[in-house]
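What follows is a set of notes on a single structure, which appears directly below.
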Amino acid sequence: MSVNFPYKPINNSNISSLSIEPALDHVWSLINNKAVPQANADCAELNRKFPHSTDAWYASSFLAFQLKDISKAILLINKAIALEPQNVQWQLHKAQSLLLFGDIKSTQALIATLISNAPFNQCKLDDKQSLDPSVVDNFAEVALILNKVGNFELSEFYYQQAINLVTGSSKQRKAQLFFNLATVQRYLGKIDDAEVSLTAAIELNPYDYEAYLLRSSLKKQTNEKNHVNELEQVLNTGIEPVSYTHLRAHETVLDL
């Protein structure tokens with residue numbers, strides 16, 4: 001699986017003479033291009049040269065995460081957290097690492113601390129235009145992690161918060177969040193709510209067959225009440241493959 005990062009490749013493989021930003025660009029380019037041996041070596045050099053850069057420690061932790069060396073990923077992200085303890089992205093990356101490591105209790109404790117101390121619940125819903133898009137990602141990622149650790153009620157809450165914060169132009173993103181919300185509501189037995197959420201997802205993305213199929217599976221279909229006409233319409237229009245399990249790009253494990 002390929003993940004694209006917002007960094008430009010650098011031909012020079014020697015980072016010893018580079019400043020922090022070009023050096024970061026370089027190592028992210030190596031990771032994105034699956035140049036694992038060089039990425040490992042240059043991440044180590046990056047951390048040696050810039051020990052106070054949280055971005056550098058995160059890059060190294062991310063690479064370890066991709067290589068499924070989760071113990072190392074946790075050790076490295078702890079370096080970033082020690083330098084910048086209030087950074088939500090570092091905390092969420094650690095939570096994902098702990099989750100993959102199988103440490104559910106530590107994941108639960110970290111997320112509980114994060115949502116009680118970080119400014120998650122202080123966003124102004126009436127000030128969406130100036131809202132940092134990463135806030136929506138943070139809400140959605142917290143919801144996903146809560147879902148994975150079995151806290152479905154709180155997962156539902158944070159998916160709803162993320163949906164409330166999405167601007168009107170981000171239809172695909174909002175459809176994705178409604179779909180994920182519906183899967184949690186279905187598990188909670190809130191079938192009517194799940195149907196409403198899936199209908200909202202379909203209205204935002206009418207070509208997503210997964211949302212149609214999930215909605216049709218919620219309740220027994222009858223001759224009088226069913227979704228046959230809509231399913232036939234989407235089949236005639238065309239099917240687009242969509243995956244709605246939300247992960248940040250930086251948390252998607254590459255085939256390295």
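The table for this structure:
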read-out	value
Cα gyration tensor, region 127-210 - rounded (a/c under 1.5), prolate or oblate	oblate
Cα gyration tensor, region 30-177 - rounded (a/c under 1.5), prolate or oblate	prolate
Whole-Hz couplings from phi, Karplus 6.51/-1.76/1.60, listed for region 172-181; x for Gly and Pro	4, 5, 5, 4, 4, 5, 4, 4, 4, 4
Mean Cβ count within 10 Å, highest first, over the residues of peptides 99-110, 143-154	143-154, 99-110
Amide H partners (placed H, <5 Å) of V166, local residues excluded	none
I104 versus I191: modelled label distance in nm, points set 7 Å from Cα along the beta carbon direction	2.7 nm
Members of K105/K148; K72/K94; K34/K174; K174/K220 lying beyond 20 Å, as alpha-carbon distances in this model show	K34/K174; K174/K220
Region 21-89: C-alpha gyration tensor shape, a/c 1.5 cut-off, then a/b vs b/c	oblate
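Read-outs: derived from the displayed coordinates by stated rules, not from any lab. Values in this document were obtained by computation on a predicted structure and should not be read as measured data. Note: ideal-geometry Cβ built from the backbone for every residue, glycine included; neighbour counts use all protein chains shown.
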